[in-house]
Amino acid sequence: MSNNKFKVLIVEDEANISSFVEMLLTTNDYQALVAHTCTMGLTMFASHNPDLVILDLGLPDRDGLELVRTVRQKYMTPIIVLSARTDERDKIEALDLGANDYITKPFGTGELLARVRAALRLNRYQNAAGGAPGGEFRAQGMRINYDRRKVYIDEQEIRLTQTEYNIVAFLSQHAGRVMTYAAIVRAIWGDTDVGSTKKLQVNMANIRKKMGSRPGSNAYILNELGVGYRMVEEEAEKQPPKTAE
Ligand code: CA
């Protein structure tokens, strides 16, 4: 057994779900730990220092949001919220408190593994001192060249405005994870402009039109209704090895 597997803490009271997630992670070469209450989750977080937390919001002792709040006081460990709740406000509240992503039950195995990969990639980009990464991003037929600030679909250049490019590049740096409207607006226009979701939607409509995203065709940027946008994951071979820090 290799010792450098990613360690994932699952906090979930429903035994059938926690054992399903545990088995899925274990068979995909992650190390999985399970807690069935919020209190137990916090204890195990402190003693095991996991690389990622998968957290159910509806726990028997306390609301799972309590764990997000407590962990975020000290740690940047990625947290994926797992919830049966479909209310956008719950998702946004969890994201605002510092959760990195959410997944709504019921979910498929491919979907969960994609979210896990995307959340673990987060650390790589955070280490890049906030600057745009160099090199390229590839997903399906899309290619982004960060050095030239150009986007290609099937090797045809897509002519984007500077703002449109900035939005696409930002989403690609967080590919696979949902970015809230507020987070995108803050990243592109700064803190003073947080209210202008409308401006974002206009730009996004133009981006999607230029990229040829129509229903039934390849969608590079997914609209998470009422919450934000999510870019499709980068190609799988780009999954980084775990590095000691
Ligand atoms: Ca539950």
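If only residues of segment 217-242 that are at pLDDT 50 or above and polar (S, T, N, Q) are counted, the one that is least open to solvent (accessible area, probe 1.4 Å) is S217. For segment 21-55, taking the residues that are of a type in the set (D, E) and away from the ligand (no atom under 16 Å from the Cβ), the one that is least open to solvent (accessible area, probe 1.4 Å) is identified as D51.
Scanning segment 19-51 for residues that are within 18 Å of E111 (Cα to Cα) and either aromatic (F, W, Y) or in contact (Cβ under 8 Å) with a residue 24 or more places away in the chain (or both) yields F20, V21, L24, L25, N28, D29, Y30, A32. What are the pairs with Cβ atoms under 7 angstrom where one residue, in segment 57-71, is among the acidic types (D, E) and the other, located anywhere, is more than 12 Å from the ligand (Cβ to nearest atom)? Sequence gap at least six, or different chains. Listed by first residue and then by second, the contacts come to D61/T39. The residues of segment 151-165 that are touching a residue at least 12 places away in the same chain (Cβ under 8 Å), open to solvent by less than 70 Å² (accessible area, probe 1.4 Å) and within 18 Å of G135 (Cβ to Cβ), listed by number, are V151, Y165. Picking from residues in segment 61-78 that are under 16 Å from the mean Cα position of the chain (by Cα), under 16 Å from I10 (Cβ atoms) and away from the ligand (no atom under 16 Å from the Cβ), the one that is modelled with the lowest pLDDT is T77. Of G110, G98, G58, all but one fail to be buried (at least 16 other Cβ atoms within 10 Å of the Cβ) and either under 23 Å from V227 (Cα atoms) or over 19 Å from the mean Cα position of the chain (by Cα) (or both); the exception is G98. Here's a check for you: in segment 1-20, which residue that is farther than 19 Å from T77 by Cα and within 16 Å of the ligand (Cβ to nearest atom) is surrounded by the fewest Cβ atoms within 10 Å (Cβ to Cβ)? Taking the candidates together, the pick is N16.
The values are calculated or read from the model by the stated rules, or taken from the named source; none is laboratory data. On a predicted model such as this, the values are computed, not experimentally measured, just so you know. Heads up, the Cβs are rebuilt from the backbone with ideal geometry, glycines too, and the neighbour counts pull from every protein chain shown. Just the protein is used for accessible areas: all its heavy atoms, side chains included, with ligands, DNA and RNA removed. Shrake-Rupley method; radii C 1.70, N 1.55, O 1.52, S 1.80 Å.
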